[in-house]
Amino acid sequence: MRKKIVAGNWKMNKNLQEGVALATELNEVLTADKPNCDVIICTPFIHLATVSNIIDHTVIGLGAENCADKEKGAFTGEVSAEMVKSTGAEYVILGHSERREYYNETPAILKEKVDLALANGLKIIFCIGESLAQREANQQNEVVKSELEGSVFHLTAEQFANVVIAYEPIWAIGTGKTATSDQAEEIHAYIRSIVADKYGKEVADNTSILYGGSCKASNAPELFAKEDIDGGLIGGASLKTPDFKGIIDAWKK
Ligand code: 13P
């Protein structure tokens, strides 16, 4: 059976001390009251090694928010997948719409990152999702299909088992506008169907597909109750322990 997951994406928030305080608090709360799902926190690079030593990895997984599209060498300012792995992190987010939009990450670049992440033993949270204009033109299915085809559908089924998909409609990220649970379920079911077309039903049934975009404790139970929604990728609401815990607890309802 596929995993239920609640993952936090801290984005460019929290200095080192603030991040350590948040991870420490979250670790205390979740070791005392064990979640019914996998919990992952994805932090800026600078937090990874320190946070890795703070958390109980059997309760909280750790991930980066990005990695380089090159293996090693003269790429000033970049952080490789191998470096991420060496911190104790198990995951990396790739393909977030903010990186596609602001840092011009193309499907071809993301494909390089995907291959390097897997070669270095990282699991991938791969983000896909349409803009408002694309949704209004009813192009969301084509968009998510081409994002998967461009960067992850070259993988073998065995490799693909290390990929979690996060559907994040760009118009719902940080806007307070959530996709309705029916809208989200419709496209999640579509995403699962194209994974099934590519890898077969068993692989598709084992693939976790997360929803992201203004997910919070108040709407998480309704979203997570849907057949094809296996959890959430959480931005703003992952920055405070009670907010994040409220979403994690949606799996207990
Ligand atoms: P918000 O939860 O802040 O809308 O962000 C979602 C997101 O982009 C997670 O990757």
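Okay, here's what the table says:
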{"item": "Cα-based radius of gyration of the chain once divided by 2.2 N^0.38 Å, which approximates compact folds", "result": "0.94"}
{"item": "Selection from Pro44, Leu94, Ala21 lying farthest towards where the dipole of segment 17-99 points positive, charges on Cβ", "result": "Leu94"}
{"item": "Computed helical MRE - 222 nm, the chain, DSSP H runs ≥ 4 contributing -39500 (n - 2.57), nearest 500", "result": "-12500 deg cm²/dmol"}
{"item": "Electrostatic dipole magnitude of segment 7-84 [Cβ: Lys, Arg +1; Asp, Glu -1; Cα centre; debye, to 20]", "result": "120"}
{"item": "Likely footprinting exposure, Tyr190, Tyr167, fewest C-beta neighbours within 10 Å first", "result": "Tyr190, Tyr167"}
{"item": "Sorted by Cβ density within 10 Å, fewest first, the residues Phe244, Phe75, Phe153", "result": "Phe75, Phe153, Phe244"}
{"item": "Cut-off under 5 Å, modelled amide H: who pairs with Glu78 long-range", "result": "none"}
{"item": "Between segment 185-253 and segment 1-45, the alpha-carbon center distance in angstrom", "result": "16"}
{"item": "Mean Cα-pair separation over length for the chain, i.e. relative contact order, pairs under 8 Å, 6 or more apart, %", "result": "21"}
{"item": "Neighbour-count order for Ile124, Ile170, fewest beta carbons within 10 angstrom listed first", "result": "Ile170, Ile124"}
{"item": "Axial C-alpha extent at least 20 Å, average Kyte-Doolittle at least -0.5 - helices from the chain (DSSP)", "result": "16-32"}
{"item": "The chain - charge dipole about Cα centre, Lys and Arg +1 at Cβ, Asp and Glu -1, debye rounded to 20", "result": "320"}
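None of the figures in this text is laboratory data; all of them are computed from the coordinates on show. Worth saying up front: this structure is predicted, and the values here are computed from it rather than measured. Positions of Cβ are generated from backbone atoms using ideal geometry, with glycine treated the same way; all protein chains shown enter the neighbour counts.
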